[in-house]
Structures are given as C-alpha cells and as structure tokens.
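Okay, structure first, notes after.
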Amino acid sequence: MVNTTITEAIKKYTTAMIAFRRDLHSHPELPWEEVRTTQRIAEELTKIGIEYRLTEPTGIIAEIKGGKPGKTVALRADIDALPVLELNDSLDYKSQNQGKMHACGHDAHTSMLLTAAKALYDVRAELTGNVRLIFQPAEEIAQGAREMVKQGAVENVDNVFGMHIWSTTPSGKISCNVGGTFASADLLVVKFKGRGGHGSMPEATIDAAVVASSFVLNLQAVISRETSALESAVVSIGKMDVGTRFNVIAENAVLDGTVRCFNIETRDRIEAAIRRYAEHTAAMYGATAEVIYTYGTLPVINEEHSALLAQSVITQAFGEDTLMFEKPTTGGEDFSFYIENIPGCFALLGSGNPEKDTQWAHHHGRFNIDEDAMVTGAELYAQYAWSYLQQNKF
C-alpha cells in the first residue's frame, strides 16, 4: 500500500518543513488568536495550489481532489500554542512572543500536515478519492475541534486520522492502539455555602472549610468503591478557594477539579456520584452545595479497522520495529469530536531523544522536538490517506 513517490516527495520537502515549523515556533499564538498562523498556512496552500476556506475566527479547511472517484479521508493538525514561558534560550528560533510557546508540538503537527499535503498533491491524479486537510485552532482549551465540526470539517468525510508528537516515546517510534487512547477530560466546580462567623465562636457557624475538606477526603471513594477496577478513571481536585481571614469561619468554599475516564457510561456514573457526595456532605453539616459539571473532550477511542490500517502503514513504510503500543493516557484530546460519529484513529509519534534534549514533558518551558521525527510524521499522514483511499476503490 505504501506509495514510494510520496516517500521521495517527503524527503524533498524536508528542509522547507523544518523551516516552516521553526517559523511557527518563533511566533506562537494562543487559542482563537492564531491569525498569523492561519495566514501562513493559507500562503503555503496557495503556493501548492490546494483549494481551501478559512474558518471562523481562525483555522483552515482544505481539500485535495483526487483524479479518480472515491471516498474522502480527513487529516487533522492543531495549530495553537500555550501560555508558557519558553526556557530554551539557546534556540535561534525561540519564541518571540513573551509568555507564549509551542510547548506541545502543534507547530510540528502543522508543518508535517502541510508537507504531507504537498506530497499528496503531487500524486493527486492517482488518488482514488479526496483528502480533507483540517488545520484546527484552540485544541489546548478543548474547543477547536467541536467548532470545526460545526463549520463542516467532516461533512461527507468517511474516515479521520490525526497524530501527536509524544516526548515520552523514543524518537521515530509510533504507537496507534486499537481502542482507548486518550481519556475524556471534564471540568468540575463544586461550591459549598455555609454560615460565616468569628473564629472564636464556631458553634454559631457552618464552616465551609470543614464541609469542603470532608468532601475532598471522601471523594476518592467514587473511584475506589463505585467504579469498577476494570474501568480506568481519575477524579482530582486541583484548587480550593476557602476563607478570607485567619480568625473568620469560612462561609463559602469553591473547589475546581477534573474527571478523566475512557467510557461515557462510567463518566455518567461518576458525575452522578459526585453530585450525590456533594449534596449529602453539605446536608450533613447543614450547608448547601452546587455542582457545575462541564463536559470537555470525549475519550479518543480508535476504531479497530482504522487503527489496524495505521499499524499496517507504519510497519510497511518504516519497518516493524517502528511500531509500538503505548498505554492509554488520561490526558485529553479534542480529536475525539471528529471520530464521535465517523471511524478514525489517532497515533502518537515519538520525539523523545535525550541526546537532543527533547525528552521534556509537554507544556514544560524546555519542551522541544526531535525534528528528524517530523519526516516520519509527514509521511505517516500522507501514506495513511493514500492507503485508506486505495483500499476503498469503487
């Protein structure tokens, strides 16, 4: 299934790919602010000759029309950066936007997809179907994919493929599992209201700090005693805002947290249990509770046939030793919204290389990528699209 013309084209475009990635890295833009990034992508698509349309407020949907009728496969890359101060002082392409950084590899994703687009455009006459290119904003706040879907990103699309640079995986290795890959990522806010008063007379109060503390201590029982041991799930409270002064009993407490799991039914049970725990804990102390549960991303569940196709492409294009199987992560990825109703899969592209200092965690100020891995990533994008369309000839 591997197209050798695509392989050679990726090699030819590698220097330009790295240069484009470094340009984006020098000019990172936060979610929904990717104006320059969108413009630069549009300029490159125009040079190639690929038709595209701008999405609102940022982002691009493009399409390569094949020379033969067939299905449509979509390839997705995210384009936004993070509010992180870059600490890579030795890089000549270090971020020029203070406090903003491509600390998650989206600059590489964008450059790889553009390079794949060039290679696929070179063989467009042989394509049995079409390739949709999705350059998505606002992944870091889990809003972009949903908005792109609303704006038609996957209309008439039969399959979707995406990938992510992964610094904890050895550079050049690729993982694409069947089934769960990323967890759902929901936001949780719990507000307790008691009755404030002087710290010397607690009997006249309802201490919101005590209520909140009791809730946090008991909350983990939702996982340990109400969730099957066979179902992975995490509930974490990351922030507590309680009280105003050392000698004042707190009237209000606000807790912020997150819920992660790989199954929608499990998510629903956890949400219901959290509401019950909050209400009952508050009632036990005579306080009141309000739970604001906001759905973030869905779990990324790789469809079997798509993941097996990706694995086949990986082993044929790069060798059997390239393929590995990373454990699912409880991190979130809004790629999940593309495959909510359409088959597809998501791969992890290794970029960890201690010799090049690219093993730092995502979202860290020292994060960087092994640019040699981009050659593999660009070809994987293109070969997956080629293989999917070739196996689905009418």
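The values are calculated or read from the model by the stated rules, or taken from the named source; none is laboratory data. Model, not experiment: these values are computed from the prediction. Here Cβ is always computed from backbone atoms with ideal geometry, including for glycine, and neighbour counts include all displayed protein chains. These area figures cover heavy atoms from the full protein model, side chains too; ligands, DNA and RNA do not enter into them. Shrake-Rupley method; radii C 1.70, N 1.55, O 1.52, S 1.80 Å.
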Considering only DSSP states other than H, G, I, E and B, which trypsin sites (Lys or Arg not before Pro) in the stretch 243-348 qualify as loop sites with at most 15 other Cβ atoms within 10 Å? ARG245
Excluding same-chain residues fewer than 8 positions from LYS68, which lysines have a Cα within less than 22 Å of its Cα? LYS118, LYS393
Reduced to Cα centres, the span from the stretch 325-394 to the stretch 153-196 in Å works out to 12 Å
Who wins for biggest fluctuation among MET201, MET148, MET17 in a Gaussian network model of the chain, springs between alpha carbons below 10 Å? MET201
What angle, in degrees between 0 and 90 and rounded to the nearest 10, separates the Cα long axis of helix 14-26 from the longest principal axis of the Cα atoms of the chain? 30 degrees
What percent antiparallel are the DSSP beta bridges of the chain, to the nearest 5? 65 percent
Using Cα atoms only, what is the angle between the long axis of helix 372-391 and the major principal axis of the chain, expressed in degrees (0 to 90) to the nearest 10? 70 degrees
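Can you tell me the equivalent ellipsoid semi-axes for the chain? Use √(5λ) from the Cα gyration tensor, largest first, whole Å. Numbers along the way, then the final one.
Numbers: eigenvalues 387, 104, 69 Å².
Equivalent-ellipsoid dimensions as semi-axes: 44, 23, 19 Å.
Can you list which of the chymotrypsin sites (Phe, Trp or Tyr not before Pro) found in the stretch 319-353 are DSSP loop residues with at most 16 other C-beta atoms within 10 Å?
Details: sites: PHE325, PHE335, PHE337, TYR338, PHE346; in loops: PHE325, TYR338.
Of the chymotrypsin sites (Phe, Trp or Tyr not before Pro), the ones in loops of the stretch 319-353 whose Cβ has at most 16 other Cβ atoms within 10 Å are PHE325.
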Cα long-axis angle, helix 304-318 against the chain (0 to 90 degrees, to the nearest 10): 50 degrees
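Ignoring ligands, DNA and RNA, what accessible area per residue does the chain give at 1.4 Å, in Å²?
Details: 16650 Å² over 394 residues.
Accessible area per residue, the chain: 42 Å².
Dipole size in debye (nearest 20) for the stretch 184-297 around its Cα centre, Lys and Arg Cβ +1, Asp and Glu Cβ -1? Please list the in-between numbers first.
Details: 11 positive and 13 negative charges, 22 e Å.
So the dipole magnitude of the stretch 184-297 works out to roughly 100 debye.
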Debye intensity ratio in log₁₀ form over the Cα atoms of the stretch 184-297, taken at each q of 0.09, 0.12, 0.17, 0.22 Å⁻¹: -0.25, -0.43, -0.76, -1.12
Where is the GNM fluctuation largest for the chain (alpha-carbon springs, 10 angstrom cutoff): ILE41, ILE79, ILE237? ILE237
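Run the accessible area of the chain with a 1.4 Å probe and give the carbon-and-sulfur part as a rounded percent.
Numbers: 8570 of 16650 Å².
Percent of accessible area from carbon and sulfur atoms in the chain: 52.
Can you give the calculated 222 nm mean residue ellipticity of the chain, where each DSSP H run of n ≥ 4 adds -39,500 (n - 2.57) and the sum is split over every residue, rounded to the nearest 500 deg cm²/dmol? Don't skip to the end; give the middle numbers.
Values: 10 runs with 133 residues, N = 394.
That calculation yields -11000 deg cm²/dmol at 222 nm.
Give LYS47/LYS100; LYS11/LYS71; LYS239/LYS327; LYS12/LYS47; LYS47/LYS71 a once-over and call out the pairs whose C-alpha atoms are over 23 Å from each other. Spell out each step's value before the answer.
On the way: LYS47/LYS100 28 Å; LYS11/LYS71 27 Å; LYS239/LYS327 28 Å; LYS12/LYS47 16 Å; LYS47/LYS71 26 Å.
Exceeds cut-off: LYS47/LYS100; LYS11/LYS71; LYS239/LYS327; LYS47/LYS71.
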What is the dipole size for the chain, taken about its Cα centre, with +1 at each Lys and Arg Cβ and -1 at each Asp and Glu Cβ, in debye to the nearest 20? 280 debye
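Going by a ≥ b ≥ c, the root eigenvalues of the Cα gyration tensor, does the stretch 154-222 fall in the rounded group (a/c under 1.5), the prolate group (a/b larger than b/c) or the oblate group?
Verdict is prolate for the stretch 154-222.
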